[in-house]
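Everything on this sheet refers to the single structure shown next.
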Amino acid sequence: GAQEFWNTVNANGGVAGFDVAITSDNTVDAHYNPSEHVEGYLEIEPNILMLAQSLGTPQTQAALPQYIEDNMVAVPATWWSGWAFPENDGGGLVLETGVNYCLEAMNDVDFVVGQLGAEISYAVVGFPGDYGGDYAAGLAVGAEAYGLGDPTFQLTQVPLSAGGDVSEAVSQILATSPNVVFITTGPLELAQTMGGVFGAGGQAMFVGTHPTWNPGLVQQEALLPALEAAYFQSGFMPGWFGESAGHDAARAAADSIGQDPNEWFLNGWASQYPVKALIEAAAGNGDLTRAGVVASLEQLTDVSFDGMLPNQSYVGDPNDSAPRQSIINQVDAAGPGGTKTATGMFVGPTAEGHDFSAPCFVP
């Protein structure tokens, strides 16, 4: 998505007469490993102006001291609430996009209470680290706001790729019978957990963050009825069904390369709008060095995403500038990407009133 964003920009004149290139020789697969992330960064650092993607929170944190030393702005593929604060992102070097997991979770609680009322029980299943931890912290704020009490259980789910299995999650859900399961995993864990619960006759609403979804899940015929009836996907941006100039441009670019509908393509595309705004600012200031790019960060007060997301400021108090809008989707097997919106973009009362003066979770 990021590559096609820049291919489209370059085909329309680039930025200040320059092409912006993401090349394979300046792309490193660090295997989601912090030390490999740092090593890979040091290999490509002499060749690059900025990082179009820095994947993972611990990985980006490991490299951040080097980013600071090198005046290296980076786009994180991570939605940790800590990136909103200068002490955690090198004074603004990390350009995050969209609502963080913590505020998203508060909106999810508002949605669920709106659907089921406040007399509900809930469970929490999530990956370790900031992904599951940040989201769980937001759930706790929402639960306190409505007096929901403690979860029936809260489980750290080891990823299947790391040797985990979902048997404990399934057995705990069947044993405690929560009305709602908030789940922050990947799509394989979601599918196996829901399959185990519904296959054993259990019932629950499942609310999962955007990484829990993959369009391929609609091809699982045995699971599809449960997904259609009980699964809701939260996220920071409308999916393939989104109606905006940015969505139109991204879909056209995807069609040109034969890319199937996939919201990760959209995520990559949207993440580059602040990069474009920053390079334009630096070019306008006549200084396209790294130092010039960093000096231009203070100009990012109203970044447009061509309607894909609300405009965002990267300057000022996070309590005033941090995005709080998110969306709830539901399964639509006939729709592109397998989802349609249940809510549109919204800010619930819990997230709207939250004093966002510190990260919700510190890895």
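Among the residues making up the range 113-127, those that are out of contact with any Pro (no Cβ under 9 Å at 6 or more places or on another chain) and either closer than 16 Å to residue 230 by Cβ or charged (D, E, K, R) (or both) are 115, 116, 119, 125.
Do you know which residues across the range 344-357 are under 19 Å from the mean Cα position of the chain (by Cα) and outside any helix (DSSP H, G or I)? The answer is 344, 345, 346, 347, 348, 356. For the range 249-265, the count of residues that are out of contact with any Lys or Arg (no Cβ under 9 Å at 6 or more places or on another chain), among the aromatic types (Phe, Trp, Tyr) and open to solvent by 40 Å² or more (accessible area, probe 1.4 Å) is at least one.
Looking across 125, 170, 141, 158, one residue alone is hydrophobic (A, V, I, L, M, F, W, C), in a strand (DSSP E or B) and modelled with pLDDT of 95 or more. It is 125. Quick check on residue 279: is it open to solvent by less than 60 Å² (accessible area, probe 1.4 Å), of a type in the set (Val, Ile, Thr), more than 20 Å from residue 21 (Cα to Cα) and modelled with pLDDT of 95 or more? Considered against the rule, which asks whether it is open to solvent by less than 60 Å² (accessible area, probe 1.4 Å), of a type in the set (Val, Ile, Thr), more than 20 Å from residue 21 (Cα to Cα) and modelled with pLDDT of 95 or more, residue 279 comes out as no. Within the range 281-299, restricting attention to residues that are touching a residue at least 60 places away in the same chain (Cβ under 8 Å) and of a type in the set (A, V, I, L, M, F, W, C), the residue that is farthest from residue 87 (Cα to Cα) is 283. Restrict the check to the range 56-69 and report whether at least one residue is within 21 Å of residue 40 (Cβ to Cβ), surrounded by fewer than 21 Cβ atoms within 10 Å (Cβ to Cβ) and in contact (Cβ under 8 Å) with a residue 40 or more places away in the chain. Yes, because at least one residue in the range 56-69 is within 21 Å of residue 40 (Cβ to Cβ), surrounded by fewer than 21 Cβ atoms within 10 Å (Cβ to Cβ) and in contact (Cβ under 8 Å) with a residue 40 or more places away in the chain. Residues in the range 33-55 that are under 24 Å from the mean Cα position of the chain (by Cα) and free of Cβ contacts under 8 Å to residues at least 40 places away in the same chain: 33, 34, 35, 36, 37, 38, 40, 41, 51, 55. Residues in the range 184-221 that are open to solvent by 40 Å² or more (accessible area, probe 1.4 Å) and hydrophobic (A, V, I, L, M, F, W, C) were compared, and the one that is farthest from the chain's Cα centre (by Cα) is 200. Among the residues of the range 238-251, those identified as part of a helix (DSSP H, G or I) and either in contact with a helix residue (DSSP H, G or I) (Cβ under 7 Å, 6 or more places away or on another chain) or touching a residue at least 40 places away in the same chain (Cβ under 8 Å) (or both) are 245, 246, 247, 249, 250. Cβ-Cβ contacts under 8 Å between residues 6 or more apart (or on different chains), taken from a first residue in the range 2-29 that is under 20 Å from residue 46 (Cα atoms) and among the β-branched types (Val, Ile, Thr) to a second residue that is at pLDDT below 95 and assigned to a loop (DSSP other than H, G, I, E, B), are absent.
Has the range 134-151 got any residue that is over 22 Å from the mean Cα position of the chain (by Cα), over 22 Å from residue 352 (Cα atoms) and in contact (Cβ under 8 Å) with a residue 12 or more places away in the chain? The answer is yes, given that some residue of the range 134-151 is over 22 Å from the mean Cα position of the chain (by Cα), over 22 Å from residue 352 (Cα atoms) and in contact (Cβ under 8 Å) with a residue 12 or more places away in the chain.
Of all residues in the range 292-331, those being open to solvent by 50 Å² or more (accessible area, probe 1.4 Å) and among the small types (Gly, Ala, Ser) number 4.
The values are calculated or read from the model by the stated rules, or taken from the named source; none is laboratory data. Everything quoted here is computed from the prediction, not taken from an experiment. In this analysis, Cβ positions are derived from the backbone assuming ideal geometry, glycine residues included, and neighbour counts consider all displayed protein chains. Remember, those area values only see protein heavy atoms, side chains included, never the ligands or the DNA or RNA. Shrake-Rupley method; radii C 1.70, N 1.55, O 1.52, S 1.80 Å.
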